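Visitor: I have a structure I would like to understand better, so I am pasting it below and will then ask my questions one at a time.
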Amino acid sequence: MISVEGLKVEFGVKPLFSDASFVINGRDRIALVGKNGAGKSTLLKILCGQEKPTEGRVAVATDTTIGYLPQVMRLSDDTTVCDEARKAFADVFRLKEHLDHLERQMSERTDYESADYMALVEKYTAEHDRYLMIGPESQEAELERTLVGLGFERTDFCRPTSEFSGGWRMRIELAKILLQRPDVLLLDEPTNHLDIESIQWLEQLLAQWKGAVVLVSHDRAFINNVSNRTLEISCGQIIDYRVKYNEYVVLRRERREQQLRAYENQQREMQEMRQFIERFRYQATKAVQVQQKVKQLEKIVPIEVDEVDNSAMHLKFPPCLRSGDYPVICDEVRKAYGDHLVFDHVNLTIKRGEKVAFVGKNGEGKTTLVKCIMDEIPFDGRLQIGHNVQIGYFAQNQAQLLDESLTVFQTIDYVAKGDIRLRINDILGAFMFGGEASDKRVKVLSGGERSRLAMIRLLLEPVNLLILDEPTNHLDMPSKDVLKEAIRAFDGTAIIVSHDREFLDGLVTKVFEFGGGRVREHIGGIYDFLREKAPLSSTEGTTIDTVLHLKDKTNEPPTVAIEKTPSGGGQAYAAHKEQQKRLRKAERAVEDSEMKIARMEQRLKELDQLLMDPEKASDMVLVTEYTDVKRQLDEEVERWEQLSEELEELRIEN
């Protein structure tokens, strides 16, 4: 689909990368990795034609379409959510107008036997077949599935886009790109504004994508579940690993060890040459040999070693006072803004030493409850902070509170105590402030850099209740590993608001789910919670063959949700038994529907293969069957949605 030959990009003295050659094939799922500033976003812009390389060329196959989602986008839409998303079908609308024009031409002519008329009929037939292949009758259903999958409620569809935040409008742009069905998808940090459910939905969609995908992401679980190939930008080169991300990590470690051994051997050889030259420089009998050694030394090309992985560095929070047994207790806490209820009847207790996660869709009240705990906003009910609790709070706007007149080093030096001051440079390096970057003034830092600096400050303050609101948004993978290890070793209590499954995995032992004005408690880790949620919250388009990419946790205890059990004698037992019967019936109905969807999707794949044959592309029997199966599939998906909603209601009642 895309061929890259001899690519070189340079903005200064040293190029980002040079002599890069690779091919992007259909069905490739490429994870583009490398440290911040290595040139990942630049490479995506070159692939989609927005920027030109210094040298080399990018060849795109004829008729190949490319969809590109940048990390930052200027948004100027002024329509409703649905109307903006429908712009993705602009080519389909133009094709329909062209068909209407051809129909009018045919109706106005009477020279039915002429060659021109027959050519017009053939052209109309070909265009009409192409129109049917696109499946225009299912566009609205596909649009709805995509928007719901990305987290929009159906009540949002008619709202003006101007009412939504930048993150939600970026979701609309992602929806438009997905609905266009390009042959190659280029996605730069697509999960930045998505919640866990939307990330899982996008994973499933990309796993079934018929074209190629190239993505940049710091969400380890996401890129590992999607990728089957990894391109790494390192030391000015692009190295191609034809394995998924987790396997790449192992191969990269082995490769770096080989580089290190070769580098050490080369340095030893060069040192021996220098010693020989220095020893015999002024001896006439050795002049020829000395000159040979000098020439050999000049010809040696230094071996470069991949950047040091700082994720192995250990960082611990400083000692803090012991808090009371229950740092946070919520009793019937309620928060509303006018008529809009955020949550009600919140009853939760967080014990000393617990690490808990707040999860749920954006806008369901996670940050709002954190602000209630911090006493930043008024609320109803009782919220008690335990004895001797010292709170360390990392908010999404924490970066705005830094002193802009200080340097990066000074900002950390002022809060560091004891032996940790001897390791400030190592800590800064782990969070991408190594070398000259530590001398930058805070006022010249980007938003992401300020967030990382605020995170380092928090890591060095003596607190016993840590509250982190989306702490990983601007961290690369090594930095996230450092932070995760520090929190895991933290003696105090931690509340973490995050959509990053890999970050939460092995870190939290309890999950509080926000949704529908309620906060539900789930005992267990993040993957236990997701396994429990999977049958309830499978989004549109999910089939029995496209289950969630969850980790194998079969040896761990199942998640236990706090629920009420029936009591009160025979009548309650009979009612409970009837409820269980209805629940099993609803589960069977959902399973049957999923099986039907799976069979129809399989048939569509078979028809796709048949219609790719030029001899069968105009076979009206196959085209008609394809259209019928597509229509039946859409109807069955709608039925599955209804059955799933009924099943969820029964589970809640039960």
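Visitor: Semi-axes, largest first, in whole Å: what does sqrt of 5 times each Cα gyration tensor eigenvalue give for the stretch 469-539?
Guide: Sorted largest first and rounded, they come to 23, 14, 12 Å.
Visitor: Moving on to the next point. Given 4 °C and 1.567 mPa s, how large is the Stokes-Einstein diffusion coefficient of the stretch 255-356 in µm²/s, with Rh as the Kirkwood radius over Cα pairs? Spell out each step's value before the answer.
Guide: Working: Rh = 21.1 Å.
Rounded, D is 61 µm²/s.
Visitor: I need the phi-derived Karplus couplings for the stretch 217-228: 6.51 cos²θ - 1.76 cosθ + 1.60, θ = phi - 60°, integer Hz, Gly and Pro marked x.
Guide: Karplus-based 3J(HN,Hα) across the stretch 217-228 equals 7, 9, 8, 4, 5, 5, 6, 6, 6, 9, 7, 10 Hz.
Visitor: Near the amide H of F394, under 5 Å away, which other amide H atoms are found, from residues 5 or more places off or on another chain, if H is placed in the peptide plane?
Guide: Here the answer is I467, L468, D469, since their amide H atoms fall under 5 Å of that of F394.
Visitor: Here's a follow-up. Averaged over every viewing direction, what's the projected area of the C-alpha convex hull for the stretch 1-47? Give it in nm², one decimal, please.
Guide: Across all orientations, the stretch 1-47 yields a mean hull projection of 3.5 nm².
Visitor: For the stretch 62-105, what log10 I(q)/I(0) values come out of the Debye formula at q = 0.22, 0.33 1/Å, with one point per alpha carbon and no solvent?
Guide: Debye intensities relative to I(0), on a log10 scale: -0.95, -1.09.
Visitor: Label V243 and Q291 with points 7 Å out from Cα along Cα→Cβ: what is the distance between them in nm?
Guide: The answer from the label model is 5.0 nm.
Visitor: What does the stretch 38-77 give for Rg and for Dmax, in Å, if only its C-alpha atoms count?
Guide: 12.0, 36
Visitor: Rounded, prolate or oblate: which fits the stretch 167-247 when a ≥ b ≥ c are the square roots of the eigenvalues of the alpha-carbon gyration tensor, with rounded for a/c under 1.5 and prolate only if a/b beats b/c?
Guide: Prolate is the answer for the stretch 167-247, as a/c is 1.5 or above and a/b outweighs b/c.
Visitor: Give me the orientation-averaged projected area of the Cα convex hull of the stretch 437-507, in nm², one decimal. Numbers along the way, then the final one.
Guide: Details: hull surface 20.4 nm².
Projected area, direction-averaged: 5.1 nm².
Visitor: A further question on this structure: Grab the DSSP H runs of the chain that are 4 residues or longer, score each as -39,500 (n - 2.57), total them, divide by all residues and round the 222 nm result to the nearest 500 deg cm²/dmol.
Guide: The helix contribution divided over the chain gives -14000 deg cm²/dmol.
Visitor: Checking a compactness column here: for the stretch 204-251, what do you get for Rg(Cα) / (2.2 N^0.38 Å), N being the number of residues?
Guide: Taking N as the residue count of the stretch 204-251, the ratio is 1.16.
Visitor: Output the relative contact order of the chain, whole-number percent, from Cα pairs under 8 angstrom with separation of 6+ residues.
Guide: It comes to 13 percent, rounded to a whole number.
Visitor: Another one. How large is the Kirkwood hydrodynamic radius of the stretch 311-394, counting all unique pairs of alpha carbons, in Å?
Guide: Result for the stretch 311-394, one decimal place: 14.5 Å.
Visitor: Further question: Could you check the simple spin-label distance between T125 and A598, using points 7 Å along Cα→Cβ, in nm with one decimal?
Guide: Placing both labels 7 Å along Cα→Cβ, they lie 4.0 nm apart.
Visitor: Further question on the same structure: Quote the FRET efficiency, to the nearest 0.05, computed for D613 versus E649 with a Förster distance R0 of 45 Å and r equal to the Cβ-Cβ distance.
Guide: For D613 and E649, the calculated efficiency is 0.45.
Visitor: In addition: Provide the per-residue ³J(HN,Hα) series for the stretch 147-162, in order, calculated from phi with Karplus coefficients 6.51, -1.76, 1.60 and θ = phi - 60°, each as a whole number of Hz, with x at glycine and proline positions.
Guide: 5, 5, x, 8, x, 7, 7, 4, 6, 7, 4, 9, 7, x, 5, 5
Visitor: For a quick protection proxy, order the peptides 514-520, 94-100 by their average other-Cβ count within 10 Å, most packed first.
Guide: Result, highest mean first: 514-520, 94-100.
Visitor: To continue, here is another question. With a ≥ b ≥ c the root eigenvalues of the C-alpha gyration tensor of the chain, is it rounded (a/c under 1.5), prolate (a/b larger than b/c) or oblate?
Guide: Verdict is oblate for the chain.
Visitor: How big is the stretch 366-456 in terms of Cα radius of gyration and Dmax, in angstroms?
Guide: Spelled out, the Cα radius of gyration and Dmax of the stretch 366-456 are 16.2, 51 Å.
Visitor: Under the rule a/c < 1.5 gives rounded, and otherwise a/b versus b/c splits prolate from oblate, where does the stretch 49-125 land using the Cα gyration tensor?
Guide: Cα axes put the stretch 49-125 in the oblate bin.
Visitor: Quick one: how many Å² of L16 are accessible to a 1.4 Å probe, rounded to 10?
Guide: Rounded to the nearest 10, that gives 40 Å².
Visitor: What does the highest-first list of 187-194, 291-298 look like by mean Cβ count within 10 Å?
Guide: By packing density, highest mean first, the sequence is 187-194, 291-298.
Visitor: Rule-of-thumb check for the stretch 122-224: C-alpha Rg over 2.2 N^0.38 Å?
Guide: For the stretch 122-224, the normalised Cα radius of gyration is 1.22.
Visitor: Can you give the accessible area of T509 in Å² (nearest 10), computed on protein heavy atoms with a 1.4 Å probe?
Guide: Approximately 80 Å² of T509 is accessible to the 1.4 Å probe.
Visitor: Expressed in nm to one decimal, what extension gain is obtained for the pair C235 and K14 from 0.36 nm per residue of sequence separation less their Cα-Cα distance?
Guide: Working: separation 221, 0.36 × 221 = 79.56 nm, distance 1.04 nm.
Between C235 and K14, full extension yields 78.5 nm more.
Visitor: OK, next. What is the packing order of peptides 407-420, 116-129, taking the mean over residues of other C-beta atoms within 10 Å and listing the highest first?
Guide: On the way: 407-420: 16.0, 116-129: 13.4.
Final packing ranking: 407-420, 116-129.
Visitor: Report the charge-dipole magnitude of the chain in Debye, nearest 20, computed about the Cα centre from +1 at each Lys and Arg Cβ and -1 at each Asp and Glu Cβ.
Guide: For this selection, approximately 3060 debye.
Visitor: Could you work out the pair-distance distribution P(r) of the stretch 1-140 from its alpha-carbon pairs, with 10 angstrom bin width and percents rounded to whole numbers?
Guide: 9, 25, 23, 21, 14, 6, 1, 0
The values are calculated or read from the model by the stated rules, or taken from the named source; none is laboratory data. Predicted model, so just to flag it, every value in this text is computed and none were measured. A quick note on method: Cβ atoms are made from the backbone with ideal geometry, for glycine too, and the neighbour counts reach across all protein chains shown. What goes into the accessible areas is simple: the full protein's heavy atoms, side chains included, and nothing from ligands, DNA or RNA. Shrake-Rupley method; radii C 1.70, N 1.55, O 1.52, S 1.80 Å.
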